[in-house]
Ligand code: UD1
């Protein structure tokens, strides 16, 4: 499978070149932006950043119980909230009246509970996106920022000392149970060295959620091709920060550790804690959305960007730093594993820096210290 940003999409100029430029609206002009999922964790920060930049914003949010335990607010950062499910064609058509750009954050996230979640993931994330794209085309709206995810890559980038770049197979129960956590070279079995994953890496979704994110990318690429529109897909790495939902079956590891510490329990670190991720602060994610919004005014076609801090850390380090900052019990490295987990995913932030002018501003140490006592939602 290839990335829509590479050979898949003929409108895109190719993975190693910047997107096609076209004259756009005056940068800085007030734009009316519809933010789907704008009442959620990331959406709230995105809406705040857009409002601070002077844009007019309307929020569309379904108030899905997986993301919202409290009733939806009437407004987010002064932007009115419309409660609607994206699959409701009449409601989304109505909400798009007078809108210039859509910033599409709404999605069911995480690994879910079991396969009974599958229809709802596909319904919210893919059917919802399809109904939105059709309504945008009817309304003549051609600019879209898509919240995608690093989960589209599956495992990150690896190199074998003897055989060069390698694509490891999913890890087996036998290997994980024996504590062999590092993916092995398919040719010689040596443990691979992790490297930085770039946007033209092959797509390799390893969970239902990941599959729905890949489908969103392909659907939006096809839409851009057919409408001549502009899509920026932001592949978020591990987002954390104030307002993150408390521990749920859909939560990422930062919220799980933070919730454990809040309850006086030690964070439980799976595997040996050496798995690497890029934890990016939610205010940086909001800034990336603002930069992407501007880019959709001057480009056409489809383009993906990693949204990452550029400072990879291990899961064990994050647990240790959070525990220290919260003055809580030290993490327990349990050796447990989840079959769906990938070992390392660490991003190159270079393309977003070069083309969007986005550079994460919150250093991980400061961000984690703030997060240790920041309010959570729900
Ligand atoms: C996470 C999100 C994914 C999102 C991506 C980028 C989930 C479940 N995953 O992927 O949706 O797109 O970030 O933002 O929401 N771990 C522990 N202890 C725990 C739980 C997890 O050590 O209690 C470990 C896991 O084994 C894994 C790592 O922490 O190695 C990260 O887990 P998690 O945050 O769930 O998943 P990601 O794959 O990073």
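Worth pointing out:
- Of residues in region 133-173 being part of a helix (DSSP H, G or I) and under 23 Å from residue 345 (Cβ atoms), the one farthest from the ligand (Cβ to nearest atom): 173
- Considered as a group, the residues in region 81-112 that are within 16 Å of the ligand (Cβ to nearest atom) and in contact with a helix residue (DSSP H, G or I) (Cβ under 6 Å, 6 or more places away or on another chain) include one that is farthest from residue 66 (Cα to Cα), and that residue is 105.
- Filter result (surrounded by 21 or more Cβ atoms within 10 Å (Cβ to Cβ) and in a loop (DSSP other than H, G, I, E, B)) within region 201-233: 201, 203, 229
- Residue pairs meeting the criteria (Cβ under 7 Å; at least 6 apart or on separate chains; first over 17 Å from residue 318 (Cβ atoms) and outside any loop (DSSP other than H, G, I, E, B), in region 331-342; second modelled with pLDDT under 90 and near the ligand (Cβ under 8 Å from one of its atoms)): none
- Residues of region 273-297 classified as out of contact with any strand residue (DSSP E or B) (no Cβ under 6 Å at 6 or more places or on another chain), assigned to a loop (DSSP other than H, G, I, E, B) and either within 9 Å of the ligand (Cβ to nearest atom) or farther than 15 Å from residue 50 by Cβ (or both), total: 1
- Here residue 186 does not fit the description of being buried (at least 16 other Cβ atoms within 10 Å of the Cβ) and modelled with pLDDT under 95.
A quick yes/no check of all residues on (1) in contact with a strand residue (DSSP E or B) (Cβ under 8 Å, 6 or more places away or on another chain); (2) in contact (Cβ under 8 Å) with a residue 40 or more places away in the chain; (3) within 11 Å of the ligand (Cβ to nearest atom):
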position: 198; (1), (2), (3): yes, yes, no
position: 225; (1), (2), (3): yes, yes, no
position: 233; (1), (2), (3): yes, yes, no
position: 242; (1), (2), (3): no, yes, no
position: 245; (1), (2), (3): yes, yes, yes
position: 255; (1), (2), (3): yes, yes, yes
position: 262; (1), (2), (3): no, yes, no
position: 265; (1), (2), (3): no, yes, yes
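The values are calculated or read from the model by the stated rules, or taken from the named source; none is laboratory data. Since the model is a prediction, treat every value here as computed from it, not as a measurement. Note: ideal-geometry Cβ built from the backbone for every residue, glycine included; neighbour counts use all protein chains shown.
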